[in-house]
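Each reported figure results from applying straightforward, stated rules to the coordinates on display, with no laboratory input. Predicted, not measured: the structure shown is a model, and the values here were computed from it. Note that we place each Cβ from the backbone using ideal geometry, even for glycine, and neighbour counts take in every protein chain shown.
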Amino acid sequence: GQQLNQSPQSMFIQEGEDVSMNCTSSSIFNTWLWYKQDPGEGPVLLIALYKAGELTSNGRLTAQFGITRKDSFLNISASIPSDVGIYFCAGQRGNTGKLIFGQGTTLQVKP
Amino acid sequence: DTAVSQTPKYLVTQMGNDKSIKCEQNLGHDTMYWYKQDSKKFLKIMFSYNNKELIINETVPNRFSPKSPDKAHLNLHINSLELGDSAVYFCASSPEGLAGLYNEQFFGPGTRLTVL
């Protein structure tokens with residue numbers, strides 16, 4: 001079946017540091033999405049990417065849709081304690097709305 | 001105002017019971033989804049409905065039956081609950097029509113189901 005490989009699985013960083021995580025797939029996707037999940041909550045959409053090569057920012061977050069359409073990365077600059085959570089990439093093929101999720105990256109930020 | 005709401009937040013029940021989880025969205029979206037998140041936090045789609053019509057039906061035991069009385073509601077009924085059904089179930093919704101927006105799915109807060 002379709003799979004997304006997300007890395008790293010977890011990160012423990014110092015406040016103020018930059019963070020980078022990525023997702024790769026053996027299949028092409030038309031859309032890449034990045035979500036954040038806080039404990040006890042549902043995932044919240046951070047950034048949506050629709051075109052190969054697209055680079056999109058949302059505040060301190062920047063994400064890119066890989067040229068091959070098989071990968072995407074998310075960068076967080078100048079991390080703060082509230083960045084703590086699980087970050088998920090999700091890809092979509094076709095137009096059914098079906099999202100394939102990565103395994104998640106757990107981010108911990110030390111003040 | 002809550003965009004996507006689910007009830008109950010927590011559900012603890014015995015094996016073999018039948019239970020339902022309700023979902024409502026007030027975003028005016030046409031499409032709603034059910035996802036299952038396991039103990040390793042892996043999220044997997046189960047079903048999607050568009051304007052009360054079933055669109056996605058993943059390989060899910062037929063003990064799980066979604067029901068959409070109208071496009072703002074998608075309920076999940078589970079028969080004969082098993083230990084392996086324990087997970088967090090998320091409802092989500094998305095708009096439809098314009099290219100790309102179909103994929104911007106908004107999630108509810110989740111229902112943690114524990115089967116004893």
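Treat every Asp and Glu Cβ in chain A as -1 and every Lys and Arg Cβ as +1, leave all other atoms uncharged, and give the resulting dipole magnitude about the Cα centre to the nearest 20 debye.
Taking the Cα centre of chain A as origin, the dipole is about 460 debye.
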Going from the fewest other Cβ atoms within 10 Å to the most, one would list A:Met21, B:Met15, B:Met46 as B:Met15, B:Met46, A:Met21
For the residues A:Phe65, A:Phe12, A:Phe73, what sequence is obtained by ranking on other C-beta atoms within 10 Å, fewest first? A:Phe12, A:Phe73, A:Phe65
Restricting the count to DSSP beta bridges whose residues both fall in the protein assembly as shown, what percent are antiparallel, rounded to a multiple of 5? 90
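Taking the number of other C-beta atoms within 10 Å as the exposure measure, put B:Lys40, A:Lys51 in order starting with the fewest.
Least crowded to most crowded, the residues run B:Lys40, A:Lys51.
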Viscosity 0.890 mPa s, temperature 25 °C: give me the Stokes-Einstein translational D for chain A in µm²/s, with Rh taken as the Kirkwood radius over C-alpha pairs. 176
The pairs in A:Lys70/B:Lys9; A:Lys51/B:Lys9; A:Lys70/B:Lys67; A:Lys36/A:Lys70; A:Lys36/A:Lys110; A:Lys36/B:Lys9 lying past 30 Å Cα-Cα in this model are A:Lys70/B:Lys9; A:Lys51/B:Lys9; A:Lys70/B:Lys67
Please give the Cα centre distance for the stretch B:45-92 versus the stretch A:32-54, rounded to the nearest Å. 22
Over the Cα atoms of the protein assembly as shown, what radius of gyration and what Dmax do you get, in Å? 17.5, 50
Ranking B:Phe107, B:Ala3, B:Val60 by how far each Cα lies towards the positive end of the charge dipole of chain B (+1 on Lys and Arg Cβ, -1 on Asp and Glu Cβ), the top one is B:Val60
Pick out, from A:Ser77, A:Ile13, A:Thr56, the residue whose Cα sits farthest towards the positive end of the charge dipole of the stretch A:1-99, with +1 on the Cβ of Lys and Arg and -1 on the Cβ of Asp and Glu. A:Thr56
Averaged over B:38-51, how many beta carbons belonging to a partner chain fall within 10 Å of each residue's beta carbon? 3
Listed by chain and number, the aspartates and glutamates with an alpha carbon less than 20 angstrom from that of A:Lys98, same-chain partners under 8 positions apart left out, are A:Asp71, B:Glu24, B:Asp30, B:Asp38, B:Glu53, B:Glu58, B:Glu96, B:Glu104
Descending Cα extents along the principal axes, chain B, whole Å: 44, 29, 28
